[in-house]
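Student: Supplied in structure tokens, the structure appears directly below.
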């Protein structure tokens, strides 16, 4: 396992820091959050990342990207987390584009991936349902018809669904088979009910009532649909952990600076033992988050079994991320509870990332099921 970064990954980090750091000031983020009529996305920043060729870091060169894989994308996500960038990196570049690149037909890849790289197309995926079911065992149903499929069901917490050109929707076909469909959010029978998440991202409840999709809107085949979902969710768990790492690194850095400057009883509060111990515990959490994250990414990129490792990285993102974010807020004292003060925003992001695709308890259950269920373990070993 090699934790050192390549020259290309260092270049991605440096370029991302420059673009995201310049664009994501506190005032700019507050402006986007206050605009309730908007979609919560900084489209100017999205276009800037496209012009810098950063939206294609994980897309294969044959499909118009740079081909730097999940590790390159992890570097970009970590920097996006540091700046709390209000852009759909996770739904477009994590949930959807990699699955299209890995399992899509030549026609599907050509239709969607170059537009993603250019910043012209947003994508999303609907993995979550009420009751927190396994995404690879969806309650949403699909039935075959003469020229395609008909979908019925409900998905929750679907990010940027209204702005997406297509949404990846897993649906049960019966007899243990799963289809992953590219659904047009503007198609007849699709209902979208908007909501605002903790960190001000627009998320949607997606209702499908007799929604017709064509045969060529199926990703892969019914025989490998469950494996496609597992493959995508494993990478999503690692990507969310990368985003959370950036959030917590920035929160802790801000807190270290604050406690070095803030004085009580004639000395910086950072010299008090209680404060020092809280900061030290937060640093330990960060190191655990970092090591489990890059172990999971390395195994995923090497094609090794990584379902348990991805869940472990997400568990640390949930538990460690929560502890770091709360430490940052608490050590800022009363001002940390001010929702208009920048540090509070990091707490909201940490909370939301921790809940996405299952919290800490659900990650432990997933790890336990992988060890207890031979069939689940076999799927994980075969498909990462």
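Student: For region 121-148, what are the residues that are surrounded by 21 or more Cβ atoms within 10 Å (Cβ to Cβ) and over 25 Å from the mean Cα position of the chain (by Cα)?
Tutor: Hit for region 121-148 is 142, nothing else.
Student: If you don't mind, there's one more thing I want to ask. Does region 372-384 contain at least one residue that is touching a helix residue (DSSP H, G or I) at 6+ places or on another chain (Cβ under 8 Å), modelled with pLDDT of 85 or more and part of a loop (DSSP other than H, G, I, E, B)?
Tutor: No, region 372-384 contains no residue that is touching a helix residue (DSSP H, G or I) at 6+ places or on another chain (Cβ under 8 Å), modelled with pLDDT of 85 or more and part of a loop (DSSP other than H, G, I, E, B).
Student: Now a separate question. So how many residues does region 164-191 have that are within 21 Å of residue 109 (Cβ to Cβ) and in a loop (DSSP other than H, G, I, E, B)?
Tutor: The qualifying residues number 4.
Student: Do the conditions hold for residue 205, that is, is it on the phi < 0 side of the Ramachandran plot and loosely packed, with under 14 Cβ neighbours inside 10 Å?
Tutor: When the stated conditions are applied, residue 205 does not pass them.
Student: Of the numbered conditions (1) over 30 Å from residue 31 (Cα atoms); (2) surrounded by 20 or more Cβ atoms within 10 Å (Cβ to Cβ), residue 77 satisfies every one except a single condition; which is it?
Tutor: (1)
Student: On to the next question. Tell me whether region 69-86 contains one or more residues that are assigned to a loop (DSSP other than H, G, I, E, B), without any contact (Cβ under 8 Å) to a residue 12 or more places away in the chain, farther than 15 Å from residue 232 by Cβ and out of contact with any strand residue (DSSP E or B) (no Cβ under 8 Å at 6 or more places or on another chain).
Tutor: no
Student: Can you confirm whether region 152-172 contains a residue that is farther than 22 Å from residue 97 by Cα, out of contact with any strand residue (DSSP E or B) (no Cβ under 8 Å at 6 or more places or on another chain) and buried (at least 16 other Cβ atoms within 10 Å of the Cβ)?
Tutor: Scanning region 152-172, I find no residue that is farther than 22 Å from residue 97 by Cα, out of contact with any strand residue (DSSP E or B) (no Cβ under 8 Å at 6 or more places or on another chain) and buried (at least 16 other Cβ atoms within 10 Å of the Cβ), so the answer is no.
Student: Which condition does residue 12 not pass, out of (1) in a loop (DSSP other than H, G, I, E, B); (2) out of contact with any strand residue (DSSP E or B) (no Cβ under 7 Å at 6 or more places or on another chain), if it passes all the others?
Tutor: (1)
Student: If you check residue 178 against the conditions, is it closer than 23 Å to residue 354 by Cα, within 23 Å of the chain's Cα centre (by Cα), buried (at least 18 other Cβ atoms within 10 Å of the Cβ) and outside the structural domain of residue 348 (by TED's automatic domain parsing)?
Tutor: Considered against the rule, which asks whether it is closer than 23 Å to residue 354 by Cα, within 23 Å of the chain's Cα centre (by Cα), buried (at least 18 other Cβ atoms within 10 Å of the Cβ) and outside the structural domain of residue 348 (by TED's automatic domain parsing), residue 178 comes out as no.
Student: Further question: Select from region 261-318 the residues that are buried (at least 23 other Cβ atoms within 10 Å of the Cβ) and not in a helix (DSSP H, G or I) and list them in ascending order.
Tutor: Correct list: 306 only.
Student: Right, here's the next one. Looking only at region 311-330, decide whether some residue is more than 23 Å from residue 364 (Cα to Cα), free of Cβ contacts under 8 Å to residues at least 40 places away in the same chain and over 21 Å from the mean Cα position of the chain (by Cα).
Tutor: yes
The values are calculated or read from the model by the stated rules, or taken from the named source; none is laboratory data. Fair warning: this is a prediction, and the values are worked out from it, not measured in the lab. Note that we place each Cβ from the backbone using ideal geometry, even for glycine, and neighbour counts take in every protein chain shown.
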